[in-house]
Ligand code: HEM
């Protein structure tokens, strides 16, 4: 145990100064992002554990209670919670404007966690009344989040690429959530026309492409030049990728919702916008030596899965999800997009960001400083990468081929990788909540971080 009294006076004064500086910084958001990450990790661990048990139902038909519950544990519990945490930290820093209601962000997280648990539980038991009630709770949480983000982002919309993309992404989250609520309400009161599966596809694309993909594009456009390639400036036309993506998602969503023809045209436009994005990033990265660490590997794997999702998405826009082949493609598309593309990006990014957030949070508390390396456990990373992506490849192939045992085996590998990753990440995050330091920081000869 470290004893506070044993510290020299200079060290104590330094810590007090760091704490004062941190608390007087108006852009500081304290440990709020970390609370979001902890909630996200718990949902991810739950999803990972459930994955092999739900996969037989997914292989049978994707539109069922258990797959719907698993999908929202991943999309809302894991993906959206991480993105919200990252945005709480980066939006004020990027725009140089403090979050307007920082305390409301904590209230938002509590309401959000209740809403996600409610919607997942009611999807699992197939009770629509509970699903739309939980959706209302979720929408309240998303509105609070949007108010805090819009107050920072709005003045930069149209100028900053990342700010414009994040602003539009939050608008899409609101749209997707409202449509999800309406679809659920319709199951109780039957007032919407149209086809259940195309209505569903409209919601899925507003959420997965409009919200999550847009935010990944926007944040990576900002992070890559800022953190990895400081000498590179973002080309001005990058903002047009954001506008094109937004227009294509809106076009696809309305085409599906209104039962119009032309879904493949919008699907191809989405793919073209994403190709321009990948090409811009590739141009920036090519010729610079990026370290091939586990973050880069997950990002590259994510890009490969983005390619697989693009191919499956275009095929699906022709076949629809109703036929047996269409349903198989839809399930594989969900795995490739939500786990292969989006989750790979988040896992890779978390290796860079989370330990840094924890180190800063400890400084804010005036606790003993620890380095990012001391807060990280790199040893399981190769296993997580191989089991996650190998499992995914087997699961996607199994779903496409209709070979259920292979799909289950792949899902089990993804599940084990997910549980290992969540366990290790929670270990890192735990140091934001306790004074204790990791064992690596107890070495007497360590270089003390300033
Ligand atoms: C407040 C937020 C959300 C609400 C209220 C909501 C609600 C719903 C509802 C009610 C359905 C079933 C629709 C029907 O039966 O017609 C559904 C399906 C679906 N949603 Fe969401 N959703 C939300 C957010 C998201 C997000 C953020 C994503 C993805 C990033 C997403 C992805 C999906 C997918 C993939 C399905 C189809 C799953 C399947 O058929 O197995 N949802 N959602």
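Any chance you could give the angle, 0 to 90 degrees and rounded to 10, that helix 404-430 forms with the longest Cα principal axis of the chain?
Taking the Cα atoms of the chain, the angle to 404-430 is about 30 degrees.
Which residues does a label at residue 100 reach in the range 123-155, if reach means a backbone N under 12 Å from a point 7 Å past the Cα toward the Cβ?
Label zone hits: 144-155.
Provide Rg over Rh for the range 150-265; use the alpha carbon set for both Rg and the Kirkwood Rh (inverse mean inverse pair distance).
1.07
Mind pulling the angle between the C-alpha long axis of helix 214-223 and the longest principal axis of the chain? Nearest 10 degrees, somewhere in 0 to 90.
Tilt relative to the chain: about 30 degrees.
Scattering from the C-alpha atoms of the chain alone, worked out with Debye: what is log10 I(q)/I(0) at q = 0.06, 0.08, 0.09 1/Å?
Summing over Cα pairs of the chain leads to -0.25, -0.45, -0.58.
If you take all C-alpha pairs in the range 274-375, what percent of them are over 21 Å apart? Kindly include the intermediate steps, with their values, before the conclusion.
Details: 2697 of 5151 pairs.
Result for the distance tail: 52 percent.
I need 144, 329 ordered by Cβ neighbour count within 10 Å, fewest first.
Numbers: 144 18, 329 23.
Listing 144, 329 from fewest to most nearby Cβ atoms yields 144, 329.
Figure the gain on full extension for residue 379 and residue 315 (residue separation times 0.36 nm, minus the Cα-Cα span) and round it to one decimal in nm.
Values: separation 64, 0.36 × 64 = 23.04 nm, distance 3.91 nm.
Going from the current span to full extension adds 19.1 nm.
When the Debye formula is applied to the Cα atoms of the range 353-450, each taken as the same point scatterer, what base-10 log of I(q)/I(0) results at q = 0.23 Å⁻¹?
Listed by q, the Debye log ratios stand at -1.06.
For the pair residue 322/residue 272, report the inter-label distance in nm, with labels modelled 7 Å from Cα in the Cβ direction.
2.9 nm
Can you give the relative contact order of the chain as a percent, counting alpha carbon pairs under 8 Å and 6+ residues apart? If you can, show how the numbers build up before the last one.
Numbers: 610 pairs, mean separation 84.2, N = 450.
Computed over the chain, the figure is 19 percent.
Express the C-alpha Rg of the range 261-317 as a ratio against the empirical globular expectation 2.2 N^0.38 Å, rounded to two decimals. Kindly include the intermediate steps, with their values, before the conclusion.
Values: Rg = 13.8 Å, N = 57, 2.2 N^0.38 = 10.2 Å.
Dividing the Cα Rg of the range 261-317 by 2.2 N^0.38 Å gives 1.35.
Tell me, what are the semi-axes, in whole angstrom and largest first, of the equivalent ellipsoid of the range 50-95 as set by the roots of 5 times the Cα gyration tensor eigenvalues? Provide the component values of the computation, followed by the final result.
On the way: eigenvalues 211, 13, 8 Å².
In descending order, the three semi-axes are 32, 8, 6 Å.
With a point put 7 Å past each Cα toward its Cβ, work out how far residue 107 is from residue 254 in nm, to one decimal.
Inter-label distance under the simple model: 3.6 nm.
Order these by the 10 Å Cβ neighbour count, fewest first: 140, 437.
On the way: 140 15, 437 18.
Listed from fewest to most nearby Cβ atoms, that is 140, 437.
Taking the chain as a Gaussian network, Cα atoms linked when under 10 Å apart, which of 31, 362, 236 shows the biggest mean-square fluctuation?
Between 31, 362, 236, it is 236 that shows the largest mean-square fluctuation.
If I take R0 = 51 Å and measure r between the Cβ atoms of residue 129 and residue 403 in this structure, what FRET efficiency does the formula 1/(1 + (r/R0)^6) give, to the nearest 0.05? Please report the intermediate quantities before stating the final value.
Details: r = 37 Å, r/R0 = 0.73.
The calculated FRET efficiency here is 0.85.
When a footprinting reagent is the concern and you count Cβ atoms within 10 Å, what order do 335, 172, 181 take, fewest first?
Numbers: 335 29, 172 25, 181 20.
Ordered from fewest to most neighbouring Cβ atoms within 10 Å, 335, 172, 181 come out as 181, 172, 335.
Gain in length, residue 236 to residue 426, computed as 0.36 nm per residue apart minus the alpha-carbon separation, to one decimal in nm? Let's see the in-between values first.
Numbers: separation 190, 0.36 × 190 = 68.40 nm, distance 3.86 nm.
64.5 nm is the gain from fully extending residue 236 to residue 426.
Using helices alone, I'd like the mean residue ellipticity at 222 nm for the chain: each DSSP H run of four-plus residues gives -39500 (n - 2.57), total over residue count, nearest 500.
Using -39500 (n - 2.57) per qualifying helix, the result is -24000 deg cm²/dmol.
Provide Rg and Dmax in Å for the range 147-189, with only Cα atoms included in the calculation.
When restricted to the Cα atoms of the range 147-189, Rg and Dmax are 14.0, 44 Å.
Treating only the Cα positions of the range 49-146 as identical point scatterers, give the base-10 log of I(q)/I(0) from the Debye formula at each q in 0.16, 0.19, 0.22, 0.24 Å⁻¹.
-0.71, -0.89, -1.06, -1.18
Where a number appears in this text, it was derived from the coordinates with a stated rule and is not lab data. This is a predicted model, so every value here is computed, not measured. So basically every Cβ, Gly included, is an ideal-geometry build from the backbone, and we count neighbours across all protein chains shown.
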